[in-house]
Amino acid sequence: MVITAIVLAIYVSSSMCNTKSSSKEDKAVYGANENYAGSHTCITCHKEMYDSYAKTPHYKTSAWMNGEKLIDAPYPEDSIIYNDNLSVTVRKKTDGFYQSAWSRGLLAASHRMDMVVGSGKKGQTFLFKSDNKFYQLPLSWSVEAQNWINSPGYPADKVMFNRMVYVKCFECHATYADEQLNYTGEPEFDSSKIVLSISCETCHGPGKKHVQYHNENPGDKKGKYIINTKVLSRQQQLDACASCHSGLRENIKPAFSFLPGSKLDDFFKPSYHKDSAAKPDVHGNQYALLAASKCFKQSMVLNCSSCHNVHQKESNNKEVFAQRCMNCHNDGGNNFCTEKNVEKQVLINKCIDCHMPMQESGQINFNAGSEKKTMYELIRTHMIGIYKEQNILPALKKK
């Protein structure tokens with residue numbers, strides 16, 4: 001099955017035309033940074049919370065490829081044909097999965113999938129490490145297609161093995177990464193100082209001092225040296241989520257220096273990247289979309305946690321989110337849905353289909369199928385409103 005664009009050329013730097021990949025000794029140990037204890041240390045006192053959070057997309061958003069799969073099915077071995085002379089294969093070897101490019105029957109480049117980025121809810125992309133640098137591999141896994149696709153954002157006429165990964169990528173897909181620029185200005189990373197996943201310490205701050213204190217003072221049940229997000233103001237809570245969900249913003253201060261409770265604009269430029277201007281993308285800027293919504297503007301308390309319980313896996317559970325809408329738009333109230341041609345219970349269970357519909361993301365797209373058509377990932381918008389042009393009601397009436 002062909003699930004990619006026709007590729008006209010293979011695009012690899014001379015230093016990458018080899019089969020060498022990172023060694024097993026490069027694998028990171030969680031909590032390697034001196035300020036981080038690692039999420040596993042939370043289990044002792046917060047096991048139920050940890051076990052629940054460990055199932056969420058946030059927690060699974062990055063991991064080393066150590067054999068553990070973050071989707072239900074294992075990655076299939078496959079060959080993706082670009083044209084008569086070019087293909088990319090995915091093959092499992094004794095030390096892991098490899099992506100290899102073949103040109104006119106000859107091996108042009110091959111690298112191990114050292115790191116997986118993405119929870120597997122929509123898809124996953126893969127990185128390899130070479131000389132302390134990380135690069136994105138040409139193929140990603142699509143959950144919707146259940147197949148390999150060209151990695152989002154990659155050009156349609158090249159197979160790439162030299163797309164370098166910078167600390168900005170890790171800032172929203174990991175808890176911590178220590179970037180050091182080499183003499184040419186390229187980013188290098190010490191794997192032992194990378195803390196992967198959006199872990200407990202992303203939202204509650206580095207926990208080493210907290211863990212040490214409570215190990216030494218087990219009788220003190222009041223959390224010390226840790227951020228309690230419940231006591232933060234509404235804007236502080238919004239800023240914590242917006243640090244990754246407000247589009248691509250330029251850092252003012254070093255990466256990973258922002259902590260929940262801080263003012264976001266003190267760490268990132270308030271002016272948004274071009275992807276977040278007049279029409280925020282449904283993938284990258286949920287905060288701007290929510291803030292522009294009438295529901296948000298008329299409320300003094302609505303924030304991200306009004307709808308999202310970050311400690312629970314709730315993905316794709318529309319009824320759960322719809323019930324939270326009922327906290328304000330309850331049946332019998334003057335702001336309940338006025339649609340008369342759909343059963344009331346359907347309205348209650350499916351209201352987000354009308355008022356927060358799935359829309360195409362301009363940031364996540366790929367070329368697929370024999371017609372080489374550009375496909376766009378569908379993501380639920382956070383602009384709460386009325387979308388008559390999408391004509392969703394006929395579908396709801398059938399449910």
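Let's see how each residue does on (1) within 20 Å of Lys122 (Cα to Cα); (2) modelled with pLDDT under 85; (3) small (Gly, Ala, Ser):
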position	(1), (2), (3)
Gln298	no, no, no
Asp331	no, yes, no
Glu343	no, yes, no
Met358	yes, no, no
Lys372	no, yes, no
Could you identify the single residue in Ser22, Ser15 that is assigned to a helix (DSSP H, G or I) and at pLDDT below 50? Ser15
With the condition kept exactly as written, say whether any residue in segment 48-64 is in contact (Cβ under 8 Å) with a residue 24 or more places away in the chain, in contact with an Asp or Glu (Cβ under 9 Å, 6 or more places away or on another chain) and assigned to a strand (DSSP E or B). yes
Test: Thr44 is surrounded by fewer than 19 Cβ atoms within 10 Å (Cβ to Cβ) and either in a helix (DSSP H, G or I) or acidic (Asp, Glu) (or both): yes
Among the residues that make up segment 94-105, is at least one of them in contact with a Leu (Cβ under 7 Å, 6 or more places away or on another chain), outside any loop (DSSP other than H, G, I, E, B) and of a type in the set (Ser, Thr, Tyr)? yes
Within segment 300-327, restricting attention to residues that are closer than 17 Å to Cys200 by Cα and free of Cβ contacts under 8 Å to residues at least 12 places away in the same chain, which residue is surrounded by the most Cβ atoms within 10 Å (Cβ to Cβ)? His308
Output the residues belonging to segment 127-145 that are hydrophobic (A, V, I, L, M, F, W, C) and over 17 Å from Arg91 (Cα atoms). Phe134, Val143, Ala145
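The values are calculated or read from the model by the stated rules, or taken from the named source; none is laboratory data. Quick caveat, the model's predicted, so the values are computed rather than measured. Every residue, glycine among them, receives a Cβ derived from its backbone with ideal geometry; neighbour counts consider all protein chains shown.
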